1. Would you be able to tell me the number of residues in segment 122-137 that are within 16 Å of residue 102 (Cβ to Cβ), free of Cβ contacts under 8 Å to residues at least 60 places away in the same chain and touching a strand residue (DSSP E or B) at 6+ places or on another chain (Cβ under 9 Å)?
2. At pLDDT 95 or above, crowded, with 16+ Cβ neighbours inside 10 Å, over 19 Å from the mean Cα position of the chain (by Cα) and closer than 24 Å to residue 10 by Cβ, is that true of residue 244?
3. Out of the residues in segment 138-166 that are outside any helix (DSSP H, G or I) and in contact with a strand residue (DSSP E or B) (Cβ under 7 Å, 6 or more places away or on another chain), which is farthest from residue 196 (Cα to Cα)?
4. Among what's in segment 58-86 and is in contact with a helix residue (DSSP H, G or I) (Cβ under 7 Å, 6 or more places away or on another chain), in contact (Cβ under 8 Å) with a residue 40 or more places away in the chain and part of a loop (DSSP other than H, G, I, E, B), pick the residue that is surrounded by the most Cβ atoms within 10 Å (Cβ to Cβ).
5. If a residue must be part of a strand (DSSP E or B), in contact (Cβ under 8 Å) with a residue 60 or more places away in the chain and in contact with a helix residue (DSSP H, G or I) (Cβ under 7 Å, 6 or more places away or on another chain), how many such residues does segment 178-215 contain?
6. Being touching a residue at least 60 places away in the same chain (Cβ under 8 Å) and not in a loop (DSSP other than H, G, I, E, B) is the filter here; which residues of segment 17-40 pass it?
7. Out of 122, 104, which single residue is surrounded by fewer than 24 Cβ atoms within 10 Å (Cβ to Cβ) and not in a helix (DSSP H, G or I)?
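The values are calculated or read from the model by the stated rules, or taken from the named source; none is laboratory data. Not measured: the values here are computed from a predicted model. All Cβ positions, glycine included, derive from the backbone under ideal geometry; neighbour counts span all protein chains shown.
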């Protein structure tokens with residue numbers, strides 16, 4: 001089965017000692033595309049540096065995560081915006097809202113999200129969206145949909161920037177089914193991670209069946225969110241095969257056909273990365 005990992009933080013500290021081996025293991029497992037997103041200025045720079053060392057990486061994303069929203073001042077944001085113009089950068093993020101852990105105040109998170117969304121639209125590079133609410137709540141999901149609509153996602157503004165490509169992806173999707181339906185209505189893609197196997201995330205099993213075939217993706221969010229069977233201490237891109245198999249089963253699809261579609265979806269959404277990807 002052909003595989004992609006559209007979200008793996010390979011520049012994170014847990015991979016410092018053996019990143020080459022991790023990438024090689026992913027390739028042996030059938031992972032043909034690896035996309036490395038940043039979460040702040042330093043990690044965005046590190047993602048670009050990693051792509052210099054490993055040109056077979058499909059691409060990187062730069063942006064500010066909601067956890068770091070309060071730390072990113074105007075000067076830092078200007079530098080991130082400059083990084084985003086690099087041709088190796090194929091997406092903006094990860095960004096979004098996290099009203100669960102609340103490491104940054106809601107106001108700072110909303111301001112940060114708006115900057116990231118505006119940058120995505122201005123460059124025609126899709127936004128990678130993190131979204132979490134406290135258990136049993138949905139305030140972050142509802143706020144995210146509202147911000148997407150206010151920014152022009154799902155309108156001619158997004159169509160002008162992205163054409164037929166999805167303008168954003170719900171990374172490591174989490175939330176009620178109608179939230180996913182609303183995002184799909186705005187043209188977004190949906191990415192499934194090992195989070196789908198955790199208690200409290202049962203809605204994902206229903207949501208995954210609703211995603212159009214040309215907008216489904218998979219990821220690890222490595223080094224986090226290990227799926228069943230993967231080491232709990234450090235998730236790695238090779239373990240995306242577990243999640244991809246689960247997606248094929250839930251959608252009633254042939255795994256090989258799904259694998260071909262995952263690669264095609266990645267290459268269409270992150271189009272500028274396709275030419276440099278190695279299979």
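1. Number of matching residues: 3.
2. In short, no.
3. Top of the filtered list is 153.
4. Selected residue: 63.
5. Our first condition is that a residue be part of a strand (DSSP E or B); within segment 178-215, this holds for 189-192.
So of that shortlist, the ones also in contact (Cβ under 8 Å) with a residue 60 or more places away in the chain come out as 189, 191.
Then drop every residue that is not in contact with a helix residue (DSSP H, G or I) (Cβ under 7 Å, 6 or more places away or on another chain), which leaves 189.
Adding up the residues that qualify gives 1.
6. We begin by selecting, within segment 17-40, every residue touching a residue at least 60 places away in the same chain (Cβ under 8 Å); these are 22-23, 25-26, 28-35, 37.
Of everything in segment 17-40, those that are touching a residue at least 60 places away in the same chain (Cβ under 8 Å) and not in a loop (DSSP other than H, G, I, E, B) turn out to be 22, 23, 25, 26, 28, 31, 32, 33, 34, 35, 37.
7. 104
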